[in-house]
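Colleague: To start, I am sharing the structure in question, which I have written as structure tokens.
The values are calculated or read from the model by the stated rules, or taken from the named source; none is laboratory data. From a predicted model like this one, the values you see are computed outputs, not experimental measurements. Cβ atoms come from the backbone with ideal geometry, glycine included; neighbour counts cover every protein chain shown. Calculation scope for accessible area: heavy atoms of the full protein, side chains included, ligands and nucleic acids excluded. Shrake-Rupley method; radii C 1.70, N 1.55, O 1.52, S 1.80 Å.
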Amino acid sequence: MKKNELEQKIWIAKTIGELIAGIPYLNDSLSSNTIALNLSKWVEQIAEGNIAEFARQINIPRNTVWLWCKGKNSPSLKALTNVCYFLGVSVLSFLTEEANNLCISKKLFTTELESKSRKKSKPFNSEKVKSDLEALLTNDDSPVLSMEEVARRLGIDRRTIYKYFPDLCRAISARYINYQKDYHKKILEECCQEVRLVALKLHNQGK
């Protein structure tokens with residue numbers, strides 16, 4: 001078994017154990033739409049709402065992901081676990097914490113729209129926006145941000161940025177995804193090291 005496969009299996013075992021332990025404490029308000037709502041939020045954050053791109057990233061058929069996001073089908077526990085592994089979030093967190101964050105995001109989005117409607121639209125400076133996007137990709141000291149966060153910091157609607165600079169947006173999203181994967185891999189390696197140390201300790205104690 002390859003190292004990355006072992007790491008994934010350890011992570012799956014850990015997240016399933018966490019889910020089982022957390023079942024008694026799951027919020028009663030969780031509905032059948034929870035997965036659809038939260039998955040749609042992740043699609044929006046990682047792939048600018050592009051289901052086809054998100055499906056390609058996680059190597060799942062586009063139609064399957066579309067049905068999940070629309071609530072017309074629900075993923076199996078195995079499929080959901082694989083998606084959560086890609087996202088770097090436990091299944092329990094996906095079902096609970098993200099549900100809360102989604103509600104907050106909706107409120108913030110509504111407030112933002114109301115605020116924008118009262119303000120005069122700023123002119124779109126394409127050259128400056130392009131320069132800022134390129135700087136994020138070429139400067140190693142730049143923070144690794146999602147396109148959602150980039151758009152927020154620039155004070156420009158993400159769809160507008162994507163319309164003018166789709167290639168740069170895709171590159172920034174890919175950079176963010178790779179960063180998340182590397183971070184997740186680091187966490188898994190630390191977990192594996194902890195397991196090895198415990199196993200060694202038990203072996204030395206003759207258990």
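Colleague: Would you tally the residues in the stretch 162-207 being touching a helix residue (DSSP H, G or I) at 6+ places or on another chain (Cβ under 9 Å) and under 22 Å from Gln8 (Cα atoms)?
Modeller: 14
Colleague: Okay, moving on. Restricting the stretch 137-192 to residues that are assigned to a helix (DSSP H, G or I) and hydroxyl-bearing (Ser, Thr, Tyr), which is modelled with the lowest pLDDT? Can you show your working first?
Modeller: Filtering the stretch 137-192 down to residues assigned to a helix (DSSP H, G or I) leaves 137-138, 147-154, 158-164, 166-192.
Narrowing the set further to residues that are hydroxyl-bearing (Ser, Thr, Tyr) leaves 138, 160, 162, 164, 173, 176, 179, 183.
Numbers: Thr138: 83, Thr160: 86, Tyr162: 85, Tyr164: 88, Ser173: 85, Tyr176: 81, Tyr179: 79, Tyr183: 72.
Applying the filter and picking the extreme gives Tyr183.
Colleague: How many of the residues in the stretch 20-56 are open to solvent by 60 Å² or more (accessible area, probe 1.4 Å), at pLDDT 75 or above and either in contact with a helix residue (DSSP H, G or I) (Cβ under 7 Å, 6 or more places away or on another chain) or not in a loop (DSSP other than H, G, I, E, B) (or both)?
Modeller: Matching residues across the stretch 20-56 total 5.
Colleague: Among helices (runs of 4 or more DSSP H) lying entirely in the stretch 57-124, which contain 1 or more residues that are surrounded by 16 or more Cβ atoms within 10 Å (Cβ to Cβ) and at pLDDT 80 or above? Walk me through how you get there before you give the answer.
Modeller: Details: elements: 62-69, 77-87, 91-95, 97-118.
In the stretch 57-124, the matching helices (runs of 4 or more DSSP H) lie at 62-69, 77-87, 91-95.
Colleague: If you don't mind, there's one more thing I want to ask. Can you name the number of the only condition in (1) among the aromatic types (Phe, Trp, Tyr); (2) open to solvent by less than 80 Å² (accessible area, probe 1.4 Å); (3) touching a residue at least 40 places away in the same chain (Cβ under 8 Å) that Phe165 fails?
Modeller: Status for Phe165: all satisfied but (3).
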